Structures are given as structure tokens and as C-alpha cells.
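Here's the structure we're looking at; comments come further down.
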Amino acid sequence: MDSKKPKALIVGAGIAGLAAAWWLRKAGWDAAVVERSPAVRDGGYMMSLSGPGLETIKRMGLFDKVSEVAHRLRENIMHDQRGHEMLRLQYEDFHGGTEGTAICRGDLARVLREALPDDAVRYGETVTEITADDGEDKVHATLSSGEKLTVDLLIGADGIRSSIRDRFWKGEDCLEQLGYSYAAYDIAFAKKLQADCVSFNCPGYLATVYSLGEDQKAALHIWRNPQAGPQDRENKMEAVHKIGANGPALVTEVVAPFETASSLVIDDLTMVTLKRWSKGRVLLLGDSAHCLTLISGQGACMAVASAEILASELMKTNNDVAKALANHEKRLRPVIQSLQAHTRKIAPVYIPAGALKYHLRNLFLRAMPYSWIVSWYKKSATGEIDLTQALKD
Ligand SMILES: Cc1cc2nc3c(=O)[nH]c(=O)nc-3n(C[C@H](O)[C@H](O)[C@H](O)COP(=O)(O)OP(=O)(O)OC[C@H]3O[C@@H](n4cnc5c(N)ncnc54)[C@H](O)[C@@H]3O)c2cc1C
């Protein structure tokens, strides 16, 4: 590490950690990232990039690189539980005026990784010991390699099950189960889909299959699971098998190989709600701080936007870390709270729990003029707030 620059250690090289490293370097910091995986993690689930996150990607000069690996989704054909077509959503109608880009998580991580120097990320490495005493303006960390580092800021960008959060926010009850589980994976699957994206709705269940190219598809299943908890992975695997056994033909076919998919992510929809995202010189960033879940469609976007805000506040305050962390939180928190409130509200609309709510929702979708539905979906994506405007300082 460069001895003259302020130093940061970032734990986790997901979207949040990689973006934080890039922005801190831009702010003149020496930022090292440790990632416990041996290499960039592949993960086939599809994400949309929009709003302030996409603006941040552009300011990083990475929009062209993102576009090279992005997927252009034109249409989503939604079906009801009997396999009847219910609605055709044209994606460009949602983005009217603003752009939206769909990208696999692993591809975005690779683009961010390649924007950093080779030695910026240490794969297969983690922190084993941290000392961050109250009132001290340095954090002392020991890495699994045995190396000892003293830094001005430690960032826990280590995801929803953050060990940095467990260590420094011990005893804070911050995991909020929304009552759903999900499975996301990509598979080799040659069959042509009716559209770039097809989805199937049943009471308490939603399946979406995306085309990643001629021979590759990505699948996402979300189902109601009021007893959801991280310990019941076997039950969740079982639930996906049942979905395959009872679903329409396409869902049965994509579920068949799901257990062998190396990209499989199977978990619960869990939000993280903390009163503060920093303690002294330790900051949580991304899902570790405020997981929004896939329902908001903004988790990765807000992670990169948050990294940029952090860097701008450090520059503005001339690296007064305490002030910068306070300003960062002040700008970001209202937006995150609004997205989380909206996520609670919208999840039961996307995946209605019982048959009555399901049929009422479908009646609405069938009866409403298309322009109303587009306007409702647009608002539902952001909780009706202009995220870019709200994040301005
Ligand atoms: C199916 C699905 C669809 C989604 N769709 C969208 C979307 O459309 N738009 C959107 O913006 N967001 C979306 N999201 C959310 C988005 O993917 C996340 O918010 C984002 O990836 C979080 O990034 P992160 O870096 O905070 O966490 P993570 O991606 O979880 O990264 C954490 C990293 O830390 C590493 N790590 C953990 N512990 C340690 C340790 N002790 N030491 C070292 N390393 C460690 C992990 O290996 C990992 O690489 C979606 C999520 C899912 C699951």
C-alpha cells in the first residue's frame, strides 16, 4: 500500500466492494479488496440496471463495456397458472426516456473487476482479526495470509450474511424476512422461448425464464415461504422440485437440471434494516448494510451509487472520515428507506399469496388499459420517487 495515501480495506469483491474500490481510488485513496472466493464469482441471474446506479456506471466510463455484455430484453410475456397469456410487457415502454440495461451479475462483476488494477483484489483471502477501538482513527486487520494492515477505513461489503456486520453490530436484530424464498440459476437450454422473457404466475409463486442467447437461459423462481429461514436449504431445494413437477411444460424443463447449475443461488427474500451503517471507522456498504432484495430491482444499482456518494463526501470533506460517513448516510438513507418500504408493499402484488388476491390482481392486469399498467409498473419499480433527484446532495 502507498504510505502517503489514506487507506481502506474492503471485505468482499461483489458489486459493492468492487465499486467502492474504484471510487475510493478515484478519491485518492489506497483501497485493497479481499475476497474469500478464489476468483470473480460467476452467477447467472439477470439484473436490470437503471436510475442512479446506471448513471454512476456511466460516470465510471464503463457503460460501453456493460453494453457489450448486456442483454436487450424487448418483451416479457406473462402467463397465468393455466398457461394462458395474460399480458405482454414491452420493456422499452418502462424505460421511456430513461435507459435500462439487463446484465448477468457475474458479467457486471467482471466489468468492475477489469476496471481495477490487477493487484487491487486479493482472491482467496479474508480478514481473520480486526481491532477497531472506539475513538481510534485507525483499524488494524490481520488477513488469512497472516499479513497485517492498518487502515483509515474498513468497509464490510460482504453481502447479506456479512461477518463484519456480525462482528460490529452484534446482537442487532436487522434481518427482516419478507416471507418468500427464491432460486436463480442459468442453464444450457436450447429451446427457443416465445419472447426474451416469459413468466408464469400462480398463487404464491412466480417463475421467469430469460433468454441469455440461443443455448443459454436464466431462470428465477420466487415462492411464498412464511417459514423462510437460512437453515432450510433442503426444504427450498424440495420446493423447487415441486415447482418443476407441478408447473407448465417450460418450467418443468428448466427446473430439471437446476441442482447441477454451478450458478445456483437459493435463499430467502430478506431485507437488512440497520439504524446506522457505520461505527467509528467501520462502514457497511451494499447488501450488508441495506439489502433491498430482488423485488426492488435496485440492490446493485444502489451499491454502486452508494460507493460514488462515499467517494464524493470524502473528497468534499478533505478525508474527514467521520463527517464523510455521516453525510454519506444522510444522503442515502431516505432513498433506501423508501425503497424498502416499497418492497414490503409490492412483494405481495408480484406474488399474491392466496387465490383471491391472485385472481383480483389478474383481473386488474387484464382489465386495465396497457398505458395504465405501464405507468403502475414504472412507479412500482422505484416506489414513486425519483431516485437520482433524491440522492443529490
Ligand atoms: C435473483 C436476483 C435478482 C436481482 N436483480 C437485481 C436487479 O434487477 N437490479 C439490481 O440493482 N439489483 C438486483 N439484485 C440485487 C443485487 O444482486 C445485489 O444487491 C448486489 O449484487 C449486492 O452486492 P454486494 O456486493 O453488496 O453483495 P454480494 O454480491 O453478496 O457480494 C459480497 C461478496 O463478499 C464476499 N464475502 C463474504 N464474506 C466474506 C468474507 N468474510 N471475507 C471475504 N469476502 C467475503 C462474497 O464472496 C461476495 O463476493 C438481484 C439479486 C438477486 C438475488
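Just so you know, all these numbers are worked out from the coordinates, no wet-lab data involved. Note that the structure is predicted; figures quoted are calculated from it, not measured. Glycine gets a Cβ as well: all are built from the backbone with ideal geometry, and neighbour counts include every protein chain shown.
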Between Lys330 and Arg74, take the C-beta separation as r, use R0 = 35 Å, and let me know the FRET efficiency to the nearest 0.05.
0.30
Taking only DSSP H segments of four or more residues, each worth -39500 (n - 2.57), what value at 222 nm results for the chain once the sum is divided by all its residues, to the nearest 500 deg cm²/dmol?
-12000 deg cm²/dmol
Scan segment 253-296 for trypsin sites (Lys or Arg not before Pro) in coil per DSSP, keeping those whose Cβ has at most 14 other Cβ atoms within 10 Å, and list them by number.
Lys275, Arg276
Of Ala289, Ala326, Ile164, which is farthest on the positive side of the dipole of the chain, counting Cα position, with +1 on Lys and Arg Cβ, -1 on Asp and Glu Cβ, and the Cα centre as origin?
Ala326
At 7 Å along Cα-to-Cβ for each site, give me the label-to-label distance between Gln231 and Asp133 in nm.
3.8 nm
Of the candidates Ile266, Gly280, Thr252, the farthest towards the positive dipole end of segment 244-298 (Lys/Arg Cβ +1, Asp/Glu Cβ -1, centred on the Cα centre) is Gly280
Which of these, Tyr358, Tyr182, Tyr377, has the largest mean-square fluctuation under a Gaussian network model of the chain (Cα springs below 10 Å)?
Tyr377
Suppose we keep just the alpha-carbon trace of segment 102-143; what are its Rg and Dmax in angstrom?
15.4, 44
Tell me which lysines have Cα within less than 18 Å of Lys330's Cα, excluding those fewer than 8 residues away on the same chain?
Lys275, Lys279, Lys316, Lys392
I'm a student and want to see the number: the projected area of the Cα convex hull of the chain, averaged over all directions, in nm².
18.6 nm²
Distance-filtered residues of segment 197-239 - backbone nitrogen under 12 Å, label point 7 angstrom along Arg161 Cα→Cβ
229-234
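Give me the percent relative contact order of the chain, please, defined on Cα pairs under 8 angstrom at least 6 residues apart.
Across the chain, relative contact order equals 21 percent.
With r as the distance between the Cβ atoms of Trp372 and Ser262 and R0 = 25 Å, compute the FRET efficiency 1/(1 + (r/R0)^6) and round to 0.05.
0.05
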Excluding residues on the same chain fewer than 8 positions from Lys191, give the aspartates and glutamates whose Cα lies under 20 Å from its Cα.
Glu75, Glu85, Glu214, Asp215, Glu253, Glu259
Can you give the angle from 0 to 90° between the axis of helix 370-382 and the longest principal axis of the chain, with both taken from C-alpha atoms, to the nearest 10?
30 degrees
Pick from Pro334, Pro52, Pro369: which residue has the top mean-square fluctuation in a GNM of the chain where Cα pairs under 10 Å get a spring?
Pro369
How would segment 88-168 be classified by its alpha-carbon gyration tensor: rounded, prolate or oblate, with rounded meaning a/c under 1.5 and the a/b versus b/c comparison settling the rest?
prolate
Sites excluded, GluC sites (Glu not before Pro) in DSSP loops with at most 10 other C-beta within 10 Å, longest stretch of the chain:
1-213
Provide the descending list of Cα extents for segment 15-67 along its principal axes, expressed in whole angstroms.
28, 28, 16
For Leu73, list long-range residues whose amide hydrogen, built 1.01 Å from N in the peptide plane, is under 5 Å from its own amide hydrogen.
Ala102
Select from Leu332, Leu360, Leu18 the residue whose mean-square fluctuation is largest in a Gaussian network model of the chain (Cα-Cα springs shorter than 10 Å).
Leu360
What is the order of Ile222, Ile103, Ile266, fewest Cβ neighbours within 10 Å to most?
Ile266, Ile103, Ile222
Cα-based helix-to-principal-axis angle, 105-114 vs the chain, degrees rounded to 10
30 degrees
Sequence-distant aspartates and glutamates (8 or more away, or on other chains) whose Cα lies within less than 16 Å of Lys345:
Glu176, Glu384
Take the Cα atoms of segment 30-124, find their three principal axes, and give me the spread along each one in whole Å, biggest first.
53, 31, 19
Residues of segment 217-238 with backbone nitrogen within less than 18 Å of a virtual label 7 Å along the Cα-to-Cβ line of Gln177, please, listed as ranges.
222-238
Any chance you could give the angle, 0 to 90 degrees and rounded to 10, that helix 233-246 forms with the longest Cα principal axis of the chain?
30 degrees
Taking the Cβ-Cβ separation of Lys5 and Thr142 as r and a Förster radius of 25 Å, what is the calculated FRET efficiency to the nearest 0.05?
0.75
Pairs of lysines in segment 1-135 (C-alpha under 19 Å apart; 8 or more residues apart or interchain)
5
Do any trypsin sites (Lys or Arg not before Pro) in segment 62-130 lie in a loop, going by DSSP, with at most 14 other beta-carbon atoms within 10 Å of their beta carbon, and if so which?
Arg72, Arg74, Arg82
With a 10 Å Cβ neighbour count serving as the proxy for reagent exposure, in which order, fewest first, do Ser262, Ser211 appear?
Ser262, Ser211
